[in-house]
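For reference, the structure discussed in these notes is given below.
The values are calculated or read from the model by the stated rules, or taken from the named source; none is laboratory data. On a predicted model such as this, the values are computed, not experimentally measured, just so you know. Virtual Cβ from ideal backbone geometry, glycine too; neighbours counted across all protein chains shown.
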């Protein structure tokens, strides 16, 4: 099934006098919940629903614990997770305080297995 996309006309906010250009933007076709993912996993394995739920919940807990410790969590070809922060600057190192941290994010970097999927994508424009 192809990835659907739409075309959006956008201008350059820094140069409003420039001509607008058209850009492709993915069009999501829905979402899948954790419950639905579990059902899909059951179709492909002999693992039961309760065991899948237990593994996924445990993975989430361990992932959170390890990220809080400042670790990068690598899940093989699936990818890796890590915490990233962004902050305002301080004039001097001694003047830096924690409230200058303005953004905290969990960053996911796909591994080889997911990157390979990108090579096989097909696209379809929608209105």
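Only a single criterion out of (1) in a strand (DSSP E or B); (2) modelled with pLDDT under 95 is not satisfied by residue 103, namely (2).
So that you can scan it fast, the table gives a plain yes or no per residue for (1) in contact (Cβ under 8 Å) with a residue 24 or more places away in the chain; (2) surrounded by 12 or more Cβ atoms within 10 Å (Cβ to Cβ); (3) more than 22 Å from residue 120 (Cα to Cα):
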{"position": "9", "(1), (2), (3)": "no, no, yes"}
{"position": "16", "(1), (2), (3)": "no, no, yes"}
{"position": "21", "(1), (2), (3)": "no, no, yes"}
{"position": "30", "(1), (2), (3)": "no, no, no"}
{"position": "56", "(1), (2), (3)": "no, yes, yes"}
{"position": "59", "(1), (2), (3)": "no, yes, yes"}
{"position": "62", "(1), (2), (3)": "no, no, yes"}
{"position": "80", "(1), (2), (3)": "yes, yes, no"}
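Looking only at the stretch 27-82, which residues are on the phi > 0 side of the Ramachandran plot and out of contact with any helix residue (DSSP H, G or I) (no Cβ under 8 Å at 6 or more places or on another chain)? Within the stretch 27-82, 30, 70 meet the criteria. Would you mind stating whether residue 114 is surrounded by 12 or more Cβ atoms within 10 Å (Cβ to Cβ), in contact with a strand residue (DSSP E or B) (Cβ under 7 Å, 6 or more places away or on another chain) and not in a loop (DSSP other than H, G, I, E, B)? Spelling it out, residue 114 is indeed surrounded by 12 or more Cβ atoms within 10 Å (Cβ to Cβ), in contact with a strand residue (DSSP E or B) (Cβ under 7 Å, 6 or more places away or on another chain) and not in a loop (DSSP other than H, G, I, E, B).
If you go through the stretch 83-100 and pick out every residue that is touching a helix residue (DSSP H, G or I) at 6+ places or on another chain (Cβ under 6 Å), surrounded by fewer than 12 Cβ atoms within 10 Å (Cβ to Cβ) and assigned to a strand (DSSP E or B), you end up with 0.
Against the criterion of being part of a helix (DSSP H, G or I), without any contact (Cβ under 8 Å) to a residue 24 or more places away in the chain and surrounded by fewer than 10 Cβ atoms within 10 Å (Cβ to Cβ), residue 50 qualifies.
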